[in-house]
Amino acid sequence: MPDPMSPHAAARISAEQAEVQLLGTEYLHRGNPRQRRAAALLEELGVGDLPGVREWALGGTIPLGVDLPESDLDVLVCTSEVAAAREELTEQFGQLSQFAAWAHSAEAGAWCVTFESQGFLIEFFLQHRALAEQRAFRHLVAEYVLLQRHGAAFRQEIFQLKLSGLKTEPAFAQALNLDGDPYLALLDPALLD
């Protein structure tokens, strides 16, 4: 499996390979210093030990290597026990700075839990849905594959667009000249063919 941070990574990684690569923290340990810090923190937090966890992944820009200093850790969790996982996070981390928990407004049954730890703002997205079916994970996989296939110059273009103020999906859409809603455009399977 190609190293996600290598500028010489194989250009034809598939979405299926990326889905496997992006689970857990193993690949982050081979990444840049911020990715290694994130991996260590997530392991320390015991994400896999939350009630009912079937699988989880770090979403957002840090695993892609296009993060800004203020980028947070978006932890995507598939759990059969959303309420119990939320309660466990509240019990363990409710006293930490910026702690909050709320029902997700667009995903029925999903909850978000956020807090600050070791210099990172961490946001858990808890859902009883396989990661491969979660929009945030599907965006992560598409963006990861596109970065691998298009190389270092493309990665730098995405980073510059983010520095200019664009969110991640709009930055990809602009760099790829995609029309319409960038969040939907990145979910088009034809994009990764």
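The values are calculated or read from the model by the stated rules, or taken from the named source; none is laboratory data. Computed from a predicted structure; not experimentally measured. Cβ atoms come from the backbone with ideal geometry, glycine included; neighbour counts cover every protein chain shown. Ligands, DNA and RNA are stripped out before the accessible areas are found, and what is left, the full protein with its side chains, is counted by its heavy atoms. Shrake-Rupley method; radii C 1.70, N 1.55, O 1.52, S 1.80 Å.
The table below gives the values:
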quantity: Selected residue (criterion: farthest from Ile13 (Cα to Cα)) from residues of the range 139-190 that are part of a loop (DSSP other than H, G, I, E, B) and of a type in the set (A, V, I, L, M, F, W, C); calculated: Leu166
quantity: Residues of the range 26-55 satisfying the condition of being part of a loop (DSSP other than H, G, I, E, B) and under 20 Å from His139 (Cβ atoms); calculated: Gly31
quantity: Selection status of Val75, open to solvent by less than 10 Å² (accessible area, probe 1.4 Å) and either over 19 Å from Gly24 (Cβ atoms) or under 15 Å from the mean Cα position of the chain (by Cα) (or both); calculated: yes
quantity: One residue from Leu58, Leu76, Leu64, Leu23 being within 17 Å of Ala142 (Cβ to Cβ), at pLDDT below 95 and among the hydrophobic types (A, V, I, L, M, F, W, C); calculated: Leu23
quantity: Residues satisfying the stated conditions in the range 4-20, i.e. in a helix (DSSP H, G or I), within 23 Å of Ala153 (Cβ to Cβ) and either open to solvent by 50 Å² or more (accessible area, probe 1.4 Å) or at pLDDT below 85 (or both); calculated: Gln17
quantity: Given (1) open to solvent by less than 30 Å² (accessible area, probe 1.4 Å); (2) without any contact (Cβ under 8 Å) to a residue 60 or more places away in the chain; (3) more than 13 Å from the chain's Cα centre (by Cα); (4) under 22 Å from Phe159 (Cβ atoms), number of the condition Pro69 does not satisfy; calculated: (1)
quantity: Residue list for the range 77-98, restricted to those being part of a strand (DSSP E or B) and free of Cβ contacts under 8 Å to residues at least 12 places away in the same chain; calculated: none
quantity: Qualifying positions in the range 154-192 - open to solvent by 30 Å² or more (accessible area, probe 1.4 Å) and among the small types (Gly, Ala, Ser); calculated: Ser164, Gly165, Gly180, Ala190
quantity: Residue list for the range 147-157, restricted to those being touching a Leu at 6+ places or on another chain (Cβ under 7 Å) and not aromatic (Phe, Trp, Tyr); calculated: Leu147, Arg155
quantity: Any chance Ile122 is of a type in the set (A, V, I, L, M) and touching a residue at least 60 places away in the same chain (Cβ under 8 Å); calculated: yes
quantity: The listed residue being open to solvent by 10 Å² or more (accessible area, probe 1.4 Å), of a type in the set (Lys, Arg) and under 16 Å from the mean Cα position of the chain (by Cα), out of Arg34, Arg54; calculated: Arg34
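Here is a yes/no grid of residues against (1) within 18 Å of Asp67 (Cβ to Cβ); (2) within 19 Å of the chain's Cα centre (by Cα); (3) among the aliphatic types (A, V, I, L, M):
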{"site": "Gln148", "(1), (2), (3)": "yes, yes, no"}
{"site": "Arg155", "(1), (2), (3)": "yes, yes, no"}
{"site": "Glu169", "(1), (2), (3)": "yes, yes, no"}
{"site": "Asn177", "(1), (2), (3)": "no, no, no"}
{"site": "Ala190", "(1), (2), (3)": "no, no, yes"}
